[in-house]
Structures are given as C-alpha cells and as structure tokens.
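Report on one structure; see the data block that follows.
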Amino acid sequence: MLIKITENNRKEILRKAVAVLNGGGIVAYPTETFYGLGVRFDNEASLKKLYELKKRPEEKPMPLIIGDRELLSLIALPPSESALELMDKFWPGPLTLLLKAKEGMSSYLTAGTGKIAVRIPGESTALYLVREAGFPITATSANPSGMPPAEDADSVIRYFGEEIDMVIDGGRTAGGLPSTIADATGENIKIVREGMIPRHLLGI
C-alpha cells in the first residue's frame, strides 16, 4: 500500500499507519535523512520479520525513534546528565543516543549489548508518525543490509515490493549523511558514528 502524504491528508494517513503498526505490520516512512522502516518496539514477531526482510546481521541492533522524551522510560534506564544535555541541545534531530536498555528489551533492539539506540527525529513525517503513535518504533534504514539507503518511495518498493505493508510517500528525502550515533551509557560520551552532527558540535 503506497500512499502519498500531503498537508491535507496527513492526519488520516498517520492514523492508518499507526493501525498498521498496531496490527504487526511494517511501515516505510521518510525521515529528515532517508526513508526508515517502522514496526512496534514491543512486537517480537514484527521485529523478527523486519530483521529477516533486511537480512540484517544479528549483531547489529535496530535503532528506535520516539516522539516524546517521556517515552524513554519504556525502553531505557534513566539517562546520565551528559546524555540529557545532548538531548536538550540536539533533539528533535539527527542524533541517535545509545542508552542503557531497560530489562526485558528484545535482542533485536539490543543485540545482547544491554544498550538501546534512540532519538527524537527532526521535522519530518517520521516525527509526526511517532508522535501520533505514542510508542517507540524502529527507525532502521529502508534498504537491505549493505545496500544504499532509500531516498524515495520508489526505491523502497524496488527493494522490498509487497513485503512492506504501507509506504508513506513524502517525496525525496534530503539524503546526505545519516544521524550521528553517540554512546551515552558511560561517564564519557563516545562517538560511534559521525553523521549529520559533527563531532565538534557535540563537544566531544
């Protein structure tokens, strides 16, 4: 199901997408960088299906997005002061933080590391969707592992076809660099992947 999203139909489309997520489906949506693939964070069968669809190595955890910082308590232990400072400065935006995972999180999300990757996305359909959902959803890039991330809905369909339950077509995304990933589980913040937010802006 490919649906073009506009200002006029946004609310209706987002409601449909949340219904798909709640039903265990996979939704492709544009972020501020590339297209992402979303399933509910707490649906093990959906997480497994998404992993297999992407042919993602088991040692690679799947990142999450949330629409509100209060939702962190569903997935992570209380963040450090330094992590909170980064959230204040860069959320919503392209900064993914690794936090200590809450007990019982799926290994598809942690890869057995005890860490969970999460961000509040910048202005994009991803942000509207996750706010409408009210629960964390996955934000893994819309491509099979090792392939270039999809910058438009056509690329998502070329990669996955009917395997995706709903593709929200928001036009071409900005592309460029992915989100920066920083490990905030220890006393000192460590850069895992330098992306849209350069190291010097993080003060690391």
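Each value in this text was obtained by applying a stated rule to the coordinates, not by laboratory testing. Bear in mind the structure is a predicted one, so any value in this text is a computation, not a measurement. In this analysis, Cβ positions are derived from the backbone assuming ideal geometry, glycine residues included, and neighbour counts consider all displayed protein chains.
Worth a mention:
- Expected 222 nm ellipticity per residue - DSSP helices of 4 or more, -39500 (n - 2.57), all of the chain, to 500: -8000 deg cm²/dmol
- Magnitude of the charge dipole for the chain, about its Cα centre and with charges confined to Cβ atoms of Lys, Arg (+1) and Asp, Glu (-1), is about 160 debye.
- When you filter the trypsin sites (Lys or Arg not before Pro) in the stretch 73-139 for DSSP loop state and at most 10 other Cβ atoms inside 10 Å of their Cβ, nothing is left.
- Reach of K190 by Cα under 17 Å, taken over aspartates and glutamates that are not fewer than 8 positions away in the same chain: E81, E85
- Centroid-to-centroid separation of the stretch 23-76 and the stretch 101-174 [C-alpha atoms, Å]: 5 Å
- Under 17 Å from the M147 label point (7 Å along Cα→beta-carbon), backbone N, the stretch 27-59: 27-30, 34-38, 49-57
- Antiparallel beta bridges, as assigned by DSSP with both residues in the chain, represent about 60 percent of the total such bridges.
- Here's the list of lysines a cross-link from K4 could span, going by alpha-carbon distance under 21 Å and ignoring same-chain residues fewer than 8 apart: K16.
- Extension gain (nm, one decimal) between R199 and R69, 0.36 nm per residue minus Cα-Cα: 44.5 nm
- Annotation note: GluC sites (Glu not before Pro) in the stretch 27-88 located in DSSP loop regions with a Cβ neighbour count of at most 13 within 10 Å are E58, E59.
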